[in-house]
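Peer 1: Submitted below is the structure of interest, expressed as structure tokens.
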Amino acid sequence: MTFKTDFKGRLDQYAGVVNEAMQQFLPKTDGLEHLVIEAMRYSIEAGGKRIRPVLVLEFCRVCGGDTEAALPFACAIEMVHTYSLIHDDLPCMDDDALRRGRPSCHVKFGEATALLAGDALLSLAFEAALCNNYRGRLRPGDVILAAHELAAASGAKGMVGGQQIDLEYEGKPVGLEVLEPMHRGKTGAMIRAAAKMGCIVAGAPQLLIDAGDAYAQKLGLAFQIRDDILDLTSTDEALGKPAGSDLVNHKSTYATLLGLEESGRMLGELTRQAEECLRPFGEEGHFLRELARYLAARAG
Ligand code: GRG
């Protein structure tokens with residue numbers, strides 16, 4: 001793959017190749033089970049920023065790996081992320097009617113089918129990651145390690161665990177001692193997994209995997225703080241999901257807890273620290289430095 005050199009060009013290029021590669025993995029809607037597949041496609045094809053796949057592909061690139069062979073992992077993490085959004089919107093969780101600028105999956109297909117679509121996307125993620133499409137271009141040990149990373153990050157000690165903490169404390173005022181582990185799981189784990197998977201499939205040495213992980217830890221927290229700020233300051237149209245839902249759901253967030261000014265300062269500091277973590281990648285880290293700044297300033 002040859003890469004555009006300008007930031008926005010490469011960002012769009014990555015999203016484009018991931019969207020195309022998704023079509024290799026999404027099943028066809030030609031059987032009696034077509035509804036669940038339509039629901040999977042509906043949520044994946046609604047778009048989204050594709051940040052996690054971008055991290056997989058760019059970390060693979062900066063580590064000198066085969067970015068085309070990393071595509072199943074980029075798709076896999078986006079499938080897990082999309083499943084989590086579908087389930088998060090269900091009436092038994094956040095009960096949100098709008099996602100990625102469209103009616104949520106359960107609003108369109110009903111609760112039971114949305115639940116199944118999420119389940120099937122989680123399974124499909126591992127089917128994609130462990131596919132044989134690029135046999136011989138990745139080391140089998142690296143494939144196993146990267147798949148293990150995804151499994152661990154999405155489970156009870158990662159994203160699902162973060163969501164459980166969120167449910168547990170819903171409607172109760174909480175401090176940073178709850179907010180931090182909640183977001184480390186809910187948002188941070190998958191962003192860290194994306195960076196590490198990219199390095200791992202490239203066969204990178206531990207020093208670079210650790211540097212990618214350190215960057216992603218800072219980026220993940222910064223991403224969440226920006227999300228909290230936008231929830232207070234943005235609109236449904238700009239976000240493609242309901243704005244102000246943290247207040248409606250009585251959720252404590254970095255923005256409600258620390259205020260807009262302090263959370264903005266923290267966001268700036270974390271972004272600077274994320275950029276610092278990229279030092280071992282030298283000049284090659286340029287796109288990732290820009291990505292941190294872009295996400296800190298994002299409007300949706
Ligand atoms: C239900 C198992 C389960 C987990 C839910 C990811 C998640 C955990 C909930 C979604 C709600 C939320 C605000 C989570 C914080 C992480 C986050 C900001 C998700 C949205 O990610 P983006 O902004 O979304 O990358 P797009 O649509 O651009 O992909």
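The values are calculated or read from the model by the stated rules, or taken from the named source; none is laboratory data. Because the structure is predicted, anything quoted here is derived from the model rather than measured. FYI the Cβ positions are ideal-geometry reconstructions off the backbone, even for glycines, and counts take in every protein chain you see. In case anyone asks, the SASA skips ligands and DNA or RNA and just uses the protein heavy atoms, side chains included. Shrake-Rupley method; radii C 1.70, N 1.55, O 1.52, S 1.80 Å.
Peer 1: So which residue, out of 123, 84, 43, gets the largest mean-square fluctuation from a GNM of the chain using Cα contacts under 10 Å as springs?
Peer 2: Its mean-square fluctuation being the largest, the pick is 123.
Peer 1: How much area per residue is accessible in the chain when the probe is 1.4 Å and only protein heavy atoms are counted (Å²)?
Peer 2: 44 Å²
Peer 1: Under a Cβ-only charge scheme (Lys and Arg +1, Asp and Glu -1), can you give me the dipole magnitude of the stretch 188-300 about the Cα centre, in debye to the nearest 20?
Peer 2: 180 debye
Peer 1: Taking the alpha carbon gyration tensor of the stretch 211-300, what are the square roots of 5 times its eigenvalues, largest first, to the nearest whole Å? Kindly include the intermediate steps, with their values, before the conclusion.
Peer 2: Details: eigenvalues 144, 36, 18 Å².
Equivalent ellipsoid of the stretch 211-300: 27, 13, 9 Å, largest first.
Peer 1: Here's something else I'd like to know. Using all Cα-Cα distances in the chain, what percent lands in each 20 angstrom bin from 0 up to the longest?
Peer 2: 35, 60, 5
Peer 1: Another one. Check residue 98: other-chain or 5+ apart residues with amide H under 5 Å from its amide H, H built from backbone geometry?
Peer 2: Amide H neighbours of residue 98, under 5 Å, 5+ apart: 104.
Peer 1: Let me ask something else. Any chance you could look up the accessible area of residue 168 with a 1.4 Å probe, heavy atoms only, rounded to 10 Å²?
Peer 2: 100 Å²
Peer 1: Counting alpha carbon pairs within less than 8 Å and at least 6 residues apart, what relative contact order, in whole percent, applies to the stretch 1-122?
Peer 2: Relative contact order comes out at 27 percent.
Peer 1: Okay, moving on. If DNA, RNA and ligands are ignored and the probe is 1.4 Å, what is the ranking of 59, 7 by accessible area, most exposed first?
Peer 2: Of 59, 7, the descending order of accessible area is 7, 59.
Peer 1: Taking 8 Å as the Cα distance limit and 6 or more residues as the minimum spacing, I'd like the relative contact order of the chain as a percentage.
Peer 2: RCO, the chain: 19 percent.
Peer 1: Okay, next question. Mean residue ellipticity at 222 nm from the helices of the chain, using -39,500 (n - 2.57) per DSSP H segment of n ≥ 4 over the full residue count, to the nearest 500 deg cm²/dmol?
Peer 2: Rounded to the nearest 500, it is -21500 deg cm²/dmol.
Peer 1: In addition: Mean Kyte-Doolittle of at least -1.0 and a Cα length of 30 Å or more along the axis: which whole DSSP H helices of the chain meet both? Working shown, then result.
Peer 2: Working: long enough: 206-233 (40 Å, 0.25).
In the chain, the long hydrophobic H runs are 206-233.
Peer 1: Of 107, 62, 143, which is the most mobile in a GNM of the chain whose springs link Cα atoms less than 10 angstrom apart?
Peer 2: Among 107, 62, 143, the largest GNM mean-square fluctuation belongs to 107.
Peer 1: Treating the beta-carbon of each Lys and Arg as +1 and of each Asp and Glu as -1, no other charges, what is the dipole magnitude of the chain about its Cα centre, to the nearest 20 debye? Could you put the intermediate results ahead of the total?
Peer 2: Numbers: 32 positive and 42 negative charges, 144 e Å.
Rounded to the nearest 20 debye, it is 700 debye.
Peer 1: Of all accessible surface on the stretch 64-198 at a 1.4 Å probe, what whole percent is carbon and sulfur? Please list the in-between numbers first.
Peer 2: Working: 3250 of 5800 Å².
Its accessible area is 56 percent carbon and sulfur atoms.
Peer 1: At residue 123 and residue 290, where each label point lies 7 Å from the Cα along Cα→Cβ, what is the point-to-point distance in nanometres?
Peer 2: Label-label distance for residue 123 and residue 290, simple model: 4.1 nm.
Peer 1: Next question, about the same structure. Go ahead and set up a Gaussian network model of the chain, Cα springs under 10 Å, then flag whichever of 153, 46, 195 fluctuates most.
Peer 2: Maximum among the listed residues: 46.
Peer 1: Where Rh denotes the Kirkwood radius from the mean inverse Cα pair distance, what is Rg over Rh for the stretch 56-128?
Peer 2: Answer for the stretch 56-128: 1.12.
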